[in-house]
1. Taking Cα atoms, how many degrees apart are the long axis of helix A:134-146 and the longest axis of chain A, rounded to 10 and kept between 0 and 90?
2. Give the lysines whose C-alpha is closer than 24 Å to that of B:Lys136, dropping any in the same chain fewer than 8 places away, or say none.
3. For each cysteine in the protein assembly as shown, check whether another cysteine's C-beta sits under 4.7 Å from its C-beta; list those where none does.
4. If you put a point 7 Å past Cα along the Cβ direction, how far is that point for A:His49 from the same point in each other copy, in nm, smallest first?
5. Test of understanding: express the Cα radius of gyration of the protein assembly as shown as a ratio to 2.2 N^0.38 Å, with N the residue count.
6. Could you give the nm distance between label points at B:His3 and B:Ala23, where each point is 7 Å from its Cα heading toward the beta carbon?
7. Between the helical axis of A:58-79 and the dominant principal axis of chain A, each derived from Cα atoms, what acute angle in degrees is found, rounded to the nearest 10?
8. Going 7 Å from Cα along the Cα-Cβ axis for the label, what nanometre distances separate A:Arg120 from the same residue across the other copies?
There are 2 protein chains.
Amino acid sequence: MAHVAGCELCAAGGSAAWTEVAADDRLRVVRVLDAPEFPAFYRVIWRDHVAELSDLSEADRAHCLSVVVAVERVLREQLAPTKINLAALGNMVPHLHWHVIGRFDWDSHFPQPIWGARQREVLPPAAGRLRQPLNKLDELIRQLVETRSPGFGSIGG
Amino acid sequence: MAHVAGCELCAAGGSAAWTEVAADDRLRVVRVLDAPEFPAFYRVIWRDHVAELSDLSEADRAHCLSVVVAVERVLREQLAPTKINLAALGNMVPHLHWHVIGRFDWDSHFPQPIWGARQREVLPPAAGRLRQPLNKLDELIRQLVETRSPGFGSIGG
């Protein structure tokens, strides 16, 4: 498994920017903490240092996307967001990671992408508007990712 | 197959905003024409009107992503972009479609997302800087999507 010195997604340590909620031998799932306007924001980070989805084998790609979809399903079932946004960009950190973001019609940027122009101020803070506490979602995601049978490549399929 | 009146991605007709380069019974691939600063910009549009990736069956999801990856591979092999950006947002048009965008370190917004803040002016026009003509990429994508054996769910895997 390739690791690159100086890559913040290769570093094993924690970060103030996110909290890890689940992990297996190929990937980690973290909840983003440094974008409080978008509290329903998870990332699926591939462990191996590859830049692009097409660098993965077909089996690894299926596994990676099955976890992205599992996170998406937990967000939809628990929070009923207006829309899910999925993105693998990596222009700043070219180490494969997926943003999985629950978007709401009241959020600060909707319907613009979170990287676009702000549309409104949101008070009270966004996290307080969610239907369920985020630690409940974290636990549901952990169970889905960590309690599968080994080799069961697709979850929630 | 669900179709929704007024959804621009359900409409079968053409558009000045894109040119269709490939199609099969489940999806279409178009090249975006109305974002000239990002000429290496394709979309994979699912035919059925579903909002989210997790609305697809596992087989359909694999097929959809295999075409996303095929487009990504053609972009990488022909244009050697600095990075590929993948995104399924749909806040404006909640009908599943994937943006597959070749990004370059000289482009107008790099390393920001295309939806973010402009970083520089680019002259001469971006399309003239690509290594290969876009109609060559269109044809390669068409061959990959349209000449597979029926039922062969994964291309370029």
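The values are calculated or read from the model by the stated rules, or taken from the named source; none is laboratory data. Since the model is a prediction, treat every value here as computed from it, not as a measurement. With ideal geometry, Cβ positions are generated from the backbone for all residues, glycine too; neighbour counts draw on all protein chains shown. Only protein heavy atoms, including side chains, enter the accessible area calculation; ligands, DNA and RNA are left aside. Shrake-Rupley method; radii C 1.70, N 1.55, O 1.52, S 1.80 Å.
1. Approximately 20 degrees, to the nearest ten.
2. B:Lys83
3. So far as the 4.7 Å Cβ criterion goes, A:Cys64, B:Cys64 stand without a partner in the protein assembly as shown.
4. From this label point to the equivalent ones elsewhere in the assembly: 4.7 nm.
5. On the way: Rg = 19.0 Å, N = 314, 2.2 N^0.38 = 19.6 Å.
Computed over Cα atoms of the protein assembly as shown, the ratio equals 0.97.
6. It is 1.0 nm.
7. With both axes taken from Cα atoms, the answer is about 20 degrees.
8. Spacings between copies for this position, smallest first, are 3.8 nm.
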